[in-house]
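Participant: This is the structure, below, for whatever I ask next.
The values are calculated or read from the model by the stated rules, or taken from the named source; none is laboratory data. These numbers come from a predicted model, not from an experiment. Here Cβ is always computed from backbone atoms with ideal geometry, including for glycine, and neighbour counts include all displayed protein chains.
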Amino acid sequence: GAKNNAPLRLNVFRDCCENLRPAFHHFLLENYLSPETWFERRLAYTRSVATTSIIGYILGLGDRHVSNILIDKTTAEVIHIDFGIAFEQGKVLPTPETVPFRLTRDIEVAMGVSGIEGTMRRCCEETMSVLRKQREIIVTLLRVLLYDPLYSWAITPAKAATYQSENSSRLSESSSP
């Protein structure tokens, strides 16, 4: 089927891109009516996408989909929830997660004309710089989390097999009319 046929999947993806246009930028236009507020919220949105993307990459956060990335309508900042797949455990799922963070066309279009090449890139670089400077503290905290005897971060093969199927069925149910 299409699952194992990379050229077919690529053609389907290109067809989707050709026929479905990104629309998330309308959220900002519809919710922040004055130019000043729109500009401030777009900036806050872009900065928060950059920061959470880099931090999620460092933590190996997986399972990033539209039900796990929310937006605060007051500030336009993104909010991540459900950190059950962390420390690169997404790589052992039946369909391995290989991307470092979610950056769809819709996420990018809301950043404005410069897309990822303006505020997004600069904030990613600055976030990475701050994390590097504070690496000793961060590694100490992560070790505490990783070796917490009350919580296991490791995903068993059985849990991995059911995880994606449960989430995909939940997503298809929530998108049904």
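Participant: Determine which single condition Thr75 fails, assuming it passes every other condition in (1) polar (S, T, N, Q); (2) in a loop (DSSP other than H, G, I, E, B); (3) within 30 Å of Val144 (Cα to Cα); (4) touching a helix residue (DSSP H, G or I) at 6+ places or on another chain (Cβ under 6 Å).
Facilitator: Failed condition: (3).
Participant: Of all residues in segment 46-62, which are under 8 Å from the mean Cα position of the chain (by Cα) and surrounded by fewer than 20 Cβ atoms within 10 Å (Cβ to Cβ)?
Facilitator: Gly56
Participant: Could I ask something else about it? Give the number of residues within segment 23-42 that are in a helix (DSSP H, G or I) and either without any contact (Cβ under 8 Å) to a residue 60 or more places away in the chain or hydrophobic (A, V, I, L, M, F, W, C) (or both).
Facilitator: Counting residues in segment 23-42 that are in a helix (DSSP H, G or I) and either without any contact (Cβ under 8 Å) to a residue 60 or more places away in the chain or hydrophobic (A, V, I, L, M, F, W, C) (or both) gives 13.
Participant: Further, regarding this structure: I'd like the full set of residues that are assigned to a loop (DSSP other than H, G, I, E, B), aliphatic (A, V, I, L, M) and surrounded by fewer than 19 Cβ atoms within 10 Å (Cβ to Cβ), limited to segment 99-113.
Facilitator: Quick first cut of segment 99-113, residues assigned to a loop (DSSP other than H, G, I, E, B) only: 99-104, 110-113.
In the following step, the residues that additionally are aliphatic (A, V, I, L, M) were identified as 99, 103, 110-111, 113.
Passing the criteria: Val99, Leu103, Val113.
Participant: Which residues, counting only those in segment 114-164, are modelled with pLDDT under 80 and assigned to a helix (DSSP H, G or I)?
Facilitator: Leu145, Leu146, Pro157, Ala158, Lys159, Ala160, Ala161, Thr162, Tyr163, Gln164
Participant: Hey, can you tell me all the residues within segment 64-98 that are of a type in the set (Val, Ile, Thr), surrounded by fewer than 19 Cβ atoms within 10 Å (Cβ to Cβ) and at pLDDT below 90?
Facilitator: Listed by number, the residues that qualify are Val66, Val92, Thr95, Thr98.
Participant: If Val49 satisfies every condition in (1) in a loop (DSSP other than H, G, I, E, B); (2) β-branched (Val, Ile, Thr); (3) within 30 Å of Leu141 (Cα to Cα); (4) at pLDDT 95 or above but one, which is the exception?
Facilitator: Condition (1) is where Val49 drops out.
Participant: Looking at segment 109-122, is at least one residue touching a His at 6+ places or on another chain (Cβ under 7 Å) and either free of Cβ contacts under 8 Å to residues at least 12 places away in the same chain or not aromatic (Phe, Trp, Tyr) (or both)? Spell out the reasoning first.
Facilitator: Just the residues of segment 109-122 that are touching a His at 6+ places or on another chain (Cβ under 7 Å), to begin with: 109-110.
After this cut, where a residue has to be either free of Cβ contacts under 8 Å to residues at least 12 places away in the same chain or not aromatic (Phe, Trp, Tyr) (or both) as well, the list is 109-110.
For segment 109-122, residues touching a His at 6+ places or on another chain (Cβ under 7 Å) and either free of Cβ contacts under 8 Å to residues at least 12 places away in the same chain or not aromatic (Phe, Trp, Tyr) (or both): present.
Participant: Among the numbered criteria (1) more than 14 Å from Tyr57 (Cα to Cα); (2) of a type in the set (S, T, N, Q); (3) in contact (Cβ under 8 Å) with a residue 40 or more places away in the chain, which one does Gln89 miss?
Facilitator: (1)
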